[in-house]
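Visitor: Please see the structure below; I have some questions.
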Amino acid sequence: MSTPQAPYQPQAPAPAPQQHRQDGASAGLYTSPIPQRAATLGDALASEWTKIRSVRSTMWTLGVMVVLMLGIGLAAAALVDAADTDLGDTPVLSLGFYGVLLGSLCVITLGVLTIASEYGTGMIRSTLTACPSRARVLTAKAIVFFLLTFVVTTAVATIVAVSQEQILGGAEPSGGDWLRATVGIGLYTATLGLLSLGLGALVRHSAAAITIMIGVVLLPLVVSMFMFSDSLADVQRWLFEYSIPFQIFGLYGSSVTDSGPSGWQPLWIMLGAAAVALGGAFLSLDRRDV
């Protein structure tokens, strides 16, 4: 004897899916239940800040830069004070030049790694998938990198300048001297880092871009030292006066020649160079595949 079957009872209909899932479901495609929206510049800034503060290269490069600026700047002041050297017309704050020159190499490295390392690891594909606007990505990287390096460099340059003035005394620097030796140095170094970031986007290879930037910083000065021919005197003077070490020295209010950039002029020159590099980086990022 067979067991009587229960009469068929239709199941209750499933809850109606959310409206934003109906379109994808009707098309047979998966649609995330998480509400989605287009990435904004604020989202890109938050993403770049998370990346730059969470990688070890940032800590190492900026940490070494701080050690170099502080160590060399204070050591130079201590040695001059111990030797009882008469600085003459040389501004006291200009002793910070040596630490800034070596520290700028660390900023160059960080500027290149900010974007070139993403090409090496393939992270740039994830970045552009999350934020398809390439101009927005480049702008966010530039803003985050510039603000970080400017704040750190200006703070360290201020500590070095105050310490040197306290150790050596002498003639009181003017307000303009203080502004250029602290804020000016911070702006110049951070802008030099932007030039490195732009070059890193163009070259897309960390080692190659860092090597090129070190050549940009040091090669004009080195080449000018080996131009012994009188016919190359004008070229030698131009390379020497517009080399990056000479520009940093001019920002401190010191100069070994009667011509060449001085005062705030080195900063305007570096701003122009960084603008050209970032413009080329945008065209490269916009027109080349990743």
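The values are calculated or read from the model by the stated rules, or taken from the named source; none is laboratory data. What you see is a predicted model, and the numbers here were worked out from it, not measured in a lab. Counting neighbours? That spans all protein chains shown, and the Cβs are built from the backbone with ideal geometry, glycine included. Ligands, DNA and RNA are excluded from the accessible area calculation, which covers all protein heavy atoms including side chains. Shrake-Rupley method; radii C 1.70, N 1.55, O 1.52, S 1.80 Å.
Visitor: Looking at W49 and the list (1) open to solvent by 50 Å² or more (accessible area, probe 1.4 Å); (2) free of Cβ contacts under 8 Å to residues at least 60 places away in the same chain, which single condition is not satisfied?
Guide: (2)
Visitor: Look through the range 209-232, keep the residues that are free of Cβ contacts under 8 Å to residues at least 40 places away in the same chain and within 17 Å of the chain's Cα centre (by Cα), and return whichever of them is farthest from L195 (Cα to Cα).
Guide: Here is the first cut: in the range 209-232, the ones free of Cβ contacts under 8 Å to residues at least 40 places away in the same chain are 211-212, 215-216, 218-232.
Subsequent filtering for residues that are within 17 Å of the chain's Cα centre (by Cα) retains 211-212, 216.
Numbers: T211: 14, I212: 11, V216: 11 Å.
It comes out as T211.
Visitor: For the range 109-121, state whether one or more residues are part of a loop (DSSP other than H, G, I, E, B) and free of Cβ contacts under 8 Å to residues at least 60 places away in the same chain. First the steps, then the outcome.
Guide: Applying the first criterion (part of a loop (DSSP other than H, G, I, E, B)) to the range 109-121 yields none.
There is no residue in the range 109-121 that is part of a loop (DSSP other than H, G, I, E, B) and free of Cβ contacts under 8 Å to residues at least 60 places away in the same chain.
Visitor: A273 passes all but one of (1) at pLDDT 85 or above; (2) farther than 23 Å from D234 by Cβ; (3) surrounded by 13 or more Cβ atoms within 10 Å (Cβ to Cβ); which number fails?
Guide: Among (1) at pLDDT 85 or above; (2) farther than 23 Å from D234 by Cβ; (3) surrounded by 13 or more Cβ atoms within 10 Å (Cβ to Cβ), the lone unmet condition for A273 is (2).
Visitor: Now for a different question. Could you tell me whether L194 is open to solvent by less than 40 Å² (accessible area, probe 1.4 Å) and assigned to a helix (DSSP H, G or I)?
Guide: Details: open to solvent by less than 40 Å² (accessible area, probe 1.4 Å): yes; assigned to a helix (DSSP H, G or I): yes.
Here the answer is yes, as L194 does meet what is asked.
Visitor: Then there's this: Can you pull out every residue in the range 86-103 that is touching a Leu at 6+ places or on another chain (Cβ under 6 Å) and of a type outside the set (A, V, I, L, M, F, W, C)?
Guide: Scanning the range 86-103 gives G99, G103.
Visitor: Can we say A201 is under 19 Å from T114 (Cα atoms) and touching a residue at least 24 places away in the same chain (Cβ under 8 Å)?
Guide: Yes: the conditions hold for A201.
Visitor: Scan V151, V144, V156 and give me the residue that is under 28 Å from L101 (Cβ atoms), touching a residue at least 12 places away in the same chain (Cβ under 8 Å), β-branched (V, I, T) and open to solvent by 40 Å² or more (accessible area, probe 1.4 Å). First the steps, then the outcome.
Guide: Numbers: V144 fails: open to solvent by 40 Å² or more (accessible area, probe 1.4 Å); V156 fails: open to solvent by 40 Å² or more (accessible area, probe 1.4 Å).
After ruling out the rest, the residue left standing is V151.
Visitor: Name the residue that is surrounded by the most Cβ atoms within 10 Å (Cβ to Cβ), counting only residues in the range 233-266 that are polar (S, T, N, Q) and touching a residue at least 40 places away in the same chain (Cβ under 8 Å).
Guide: Q247
Visitor: Among the residues of the range 69-106, write down those that are at pLDDT 90 or above, buried (at least 24 other Cβ atoms within 10 Å of the Cβ) and among the aliphatic types (A, V, I, L, M).
Guide: Within the range 69-106, M69, V100 qualify.
Visitor: Among the residues of the range 253-264, is any of a type in the set (V, I, T) and assigned to a helix (DSSP H, G or I)? So that I can check it myself, show each step before the final result.
Guide: Just the residues of the range 253-264 that are of a type in the set (V, I, T), to begin with: 256-257.
With assigned to a helix (DSSP H, G or I) added as a condition, the list becomes none.
No, every residue in the range 253-264 fails to be of a type in the set (V, I, T) and assigned to a helix (DSSP H, G or I).
Visitor: Let me ask another. Cβ-Cβ distance below 6 Å, separation of 6 or more or different chains: which pairs start in the range 166-182 with a residue that is of a type in the set (A, V, I, L, M, F, W, C) and end on one that is open to solvent by less than 60 Å² (accessible area, probe 1.4 Å)?
Guide: Sorted first by the residue in the range 166-182, then by its partner, the pairs are I167/A77; L168/A77; L168/V92; A181/L93; A181/A161; A181/Y252.
Visitor: Based on what the data block shows, is F282 assigned to a helix (DSSP H, G or I), more than 27 Å from K141 (Cβ to Cβ) and in contact with a helix residue (DSSP H, G or I) (Cβ under 7 Å, 6 or more places away or on another chain)?
Guide: Criteria not met by F282.
Visitor: Okay, moving on. From the list G169, G186, which one is touching a Ser or Thr at 6+ places or on another chain (Cβ under 9 Å), closer than 25 Å to L87 by Cα and open to solvent by less than 40 Å² (accessible area, probe 1.4 Å)? Don't jump to the end; show me each part of the working.
Guide: On the way: G169 fails: touching a Ser or Thr at 6+ places or on another chain (Cβ under 9 Å).
The conditions single out G186.
Visitor: Any residue in the range 60-73 that's farther than 16 Å from I108 by Cα: show its pairings with residues that are in a helix (DSSP H, G or I) at Cβ separation under 6 Å, as long as the two are six or more apart or on different chains.
Guide: Qualifying pairs under 6 Å: I72/Y98; I72/G99; G73/G96; G73/G99; G73/V160.
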